[in-house]
1. Placing +1 at every Lys and Arg Cβ and -1 at every Asp and Glu Cβ, with all other atoms neutral, what dipole size does the chain have around its Cα centre, in debye to the nearest 20?
2. Translational diffusion coefficient, Stokes-Einstein: compute it for region 1-63 using the Kirkwood radius over C-alpha pairs as Rh, at 20 °C and 1.002 mPa s, and state it as an integer in µm² s⁻¹.
3. For the chain, what value does the Rg/Rh ratio take when both radii are computed over Cα atoms and Rh is the Kirkwood radius, given to two decimals?
4. If you keep only loop residues by DSSP, which chymotrypsin sites (Phe, Trp or Tyr not before Pro) in region 37-66 have at most 15 other Cβ atoms within 10 Å of their Cβ?
5. Hey, can you grab everything whose amide H is under 5 Å from the amide H of Lys32? Only 5+ residues off in sequence or another chain; H modelled, so Pro and N-termini drop out.
6. With θ set to phi - 60°, apply the Karplus curve 6.51 cos²θ - 1.76 cosθ + 1.60 along region 57-68 and write out the HN-Hα couplings as whole Hz, x wherever there is a Gly or Pro.
7. Rounded to the nearest 0.05, what FRET efficiency do Gln114 and Lys46 give with R0 = 35 Å and r taken as the Cβ-Cβ distance? Could you check?
8. How much net charge surrounds Pro23 when only other residues with a Cβ under 14 Å from its Cβ are counted (Lys, Arg +1; Asp, Glu -1)?
Amino acid sequence: MRDQEWLNYRFDKIWELFFPSIPQKNVYIKFKGKWKYKFGHIKKTKKGTEIAINSLFQDIRVPEYIIQITMAHEIVHYIHGFFSDLPKMYQYPHKGNVVNKELIKRGFGYSLKQQKTWVKQEWLDLYNEIQNKK
């Protein structure tokens, strides 16, 4: 099972490798929620900027690249000025496919393709299996 320490380490590595020029200021990550159609979100809290990753992703059957691309997606929102102190670059967070364009620019193109295939072929069955275990 993946825990908070595991998540923090992966988050710091993703930031260090793919977003090195962006200051990581008051940003924290946590597992949260058990969503069927949402993999993560970003929001402002009293502690700073929270990036939440679907708690169901703690299951080892969820490929690590799914968690990594979800983290990177939320970091892109942060660097685009959504829920951060950075200047807002766009009026809307997804209009014009700006997140995926940024992810591709930063080396996540293959991961986006893998994610799309995995979601289509495996996620709902795995989701149902995890939920029925409880």
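Laboratory data are not the source of any read-out in this text; all were calculated from the coordinates shown. Since this is a predicted model, take the numbers as computed values, not measurements. Glycine gets a Cβ as well: all are built from the backbone with ideal geometry, and neighbour counts include every protein chain shown.
1. Values: 24 positive and 13 negative charges, 89 e Å.
It works out to roughly 420 debye.
2. 171 µm²/s
3. 0.95
4. Tyr37
5. Those lying under 5 Å, H to H, from Lys32 are Ile53, Asn54, Ser55.
6. The phi angles translate into 6, 5, 5, 5, 6, 7, x, 4, 5, 5, 5, 5 Hz.
7. Numbers: r = 36 Å, r/R0 = 1.02.
After rounding to 0.05, the efficiency reads 0.45.
8. -2
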